[in-house]
1. Quick one: is Ser72 surrounded by 15 or more Cβ atoms within 10 Å (Cβ to Cβ), within 21 Å of Ile411 (Cβ to Cβ) and at pLDDT below 90?
2. Which one of these does Glu3 not meet: (1) assigned to a loop (DSSP other than H, G, I, E, B); (2) assigned by TED's automatic domain parsing to the domain that holds Met145; (3) among the acidic types (Asp, Glu)?
3. Mind counting the residues in region 38-79 that are closer than 17 Å to Met357 by Cβ and aromatic (Phe, Trp, Tyr)?
4. Mind checking which helices (runs of 4 or more DSSP H) fall wholly inside region 17-108 and carry at least 1 residues that are within 12 Å of Ile126 (Cβ to Cβ) and assigned by TED's automatic domain parsing to the domain that holds Glu136?
5. Kindly provide the set of residues from region 347-363 that are out of contact with any Phe, Trp or Tyr (no Cβ under 7 Å at 6 or more places or on another chain), modelled with pLDDT under 90 and within 16 Å of Asn413 (Cα to Cα), ordered by number.
6. Test Leu132 against the stated conditions and say whether it is within 26 Å of Asn74 (Cβ to Cβ), in contact with a His (Cβ under 8 Å, 6 or more places away or on another chain) and not in a loop (DSSP other than H, G, I, E, B).
7. Take Val392 and decide whether it is under 28 Å from Arg48 (Cα atoms), at pLDDT 90 or above and of a type outside the set (D, E, K, R).
8. Within region 329-349, can you find the residues that are aromatic (Phe, Trp, Tyr) and out of contact with any helix residue (DSSP H, G or I) (no Cβ under 6 Å at 6 or more places or on another chain)?
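The values are calculated or read from the model by the stated rules, or taken from the named source; none is laboratory data. These figures come from a predicted structure and were not determined experimentally. When we count neighbours, we look across all protein chains shown, and the Cβ atoms used for this are built from the backbone with ideal geometry, even at glycine.
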Amino acid sequence: MTEYFFQPLDRLRMDSCVNGLSREGMSLIVHCPNSFLLSHYSDYLIARIRTLMPQSTLEAYFPTDAQALIDSFNKVLAGLSLDQAMKPHDIGKVDRIWVVYDAQALPANELQLLGQLIQQFPGANIRAILMLAGAEPTENLISAMGRRIMRWNITLPNAEQAQAMWLQAHSQGHEALLRPIFTQLKLMSHVPMAQRQGNATLSTKVIAKAKSKSSAFKNFKFKSLTQQFKNWRAPLHLPMKFSAKNWKWIFSIMVLFAMSTGIMIWLQPQSFGFGKPKQSAAAAIAPAAVSLPPPSTPVEQSVNKSASDIDKSAIKYPPLLPPPNGVELPAVAQEGQLWVQRQDPKLFLIQHGTFNMFGKAEQMQKLYAGLAESKIVAAYRPGESLAYFILVTGPYDTLLQANEFLKRKDIPNSSWIRANQNLQDQLNPSIKKN
């Protein structure tokens, strides 16, 4: 992943944070006043952890999962003796890294409990990363996490920093990577006017080159080309007209070419689109030895066709209704709905989480390597008009296949198997009428 930082110090701070997590037994608080910028840098941080700490398992949590955090910690402690839990043998060993998004929404007492568990039982080999957006974290929150905590405060960029970062990306042809974050932070006014619009994948040099070629083509004159040909022919003393001898050679070559083409058409007419390919002797004799089926047999065969032979484009699916509250669903979530709708209802899916906000589902998807091929699907609970989002993988033909996928360590521990038909029933809202 290509990394771009508004401030060079942010790159150094991130390196220091990863080093503290992997070698010094530290946990981390990442704060930024803007959630979009926080998401931008958190993607870099997670990618760096995956690269440098492949032995560690990343797990995502949200404020609604506070009890799940405590339960997960208790499960880890259940497999350790008191001495093992309180005295780590290797401070650089990190089994789990808990990434808590929107940590500012967690109650102070739950944060304090989490901090105490991590401090008092270092042998559990668990580190926490708290992602906070908005106001700066209070001293009470920081002190609740104990002494073994690092802070990375991300500040909003100024005009000079934004321009420097854009020029760096522009020199490498990576403007498309920065356009979303610049738009969200309203920094496009600091980008050169010529680069604000148009195809983000083309650099200015490429566009200028294309324009120069277009201009050259428009200014092209056939008369000048004729004059250049005469100037080139003159020193070579080429004859202006062909002699009779030359015409004879040309005519002979054309006759030979026509004859060879005619022979090829006669030998292999199907190659030139004429007639039908001739059957070989064995193919012509073989049908005579096979008894022809009765007229009713083709009908029986059509009934016995497998589902895979049926043209899926001919199947008519029930239409997906628009959200009753008028809020348009994200395009990715709509594609997920269509994907689920077109699967066989008898198949199985694995659900990895439910989210009230689409962005949270995206964060979960990015956090786990095993969810690279997962789908975000918009669904509705009975009697509700507001969609929620489900993260699923699959489909699987049997429960055995789904169970095998559940054994992977790079997916959330809370994943579970559900029937595809059950999810299909939730794709459209079902508002009860009074």
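1. It is true that Ser72 is surrounded by 15 or more Cβ atoms within 10 Å (Cβ to Cβ), within 21 Å of Ile411 (Cβ to Cβ) and at pLDDT below 90.
2. Only one criterion is unmet by Glu3, namely (2).
3. The qualifying residues number 2.
4. 66-78, 82-86
5. Within region 347-363, Gly353 is the sole residue that qualifies.
6. On the way: within 26 Å of Asn74 (Cβ to Cβ): yes; in contact with a His (Cβ under 8 Å, 6 or more places away or on another chain): yes; not in a loop (DSSP other than H, G, I, E, B): yes.
Yes; evaluated as a whole, the condition is true for this residue.
7. Values: under 28 Å from Arg48 (Cα atoms): yes; at pLDDT 90 or above: yes; of a type outside the set (D, E, K, R): yes.
It is true that Val392 is under 28 Å from Arg48 (Cα atoms), at pLDDT 90 or above and of a type outside the set (D, E, K, R).
8. Listed by number, the list holds a single entry, Trp339.
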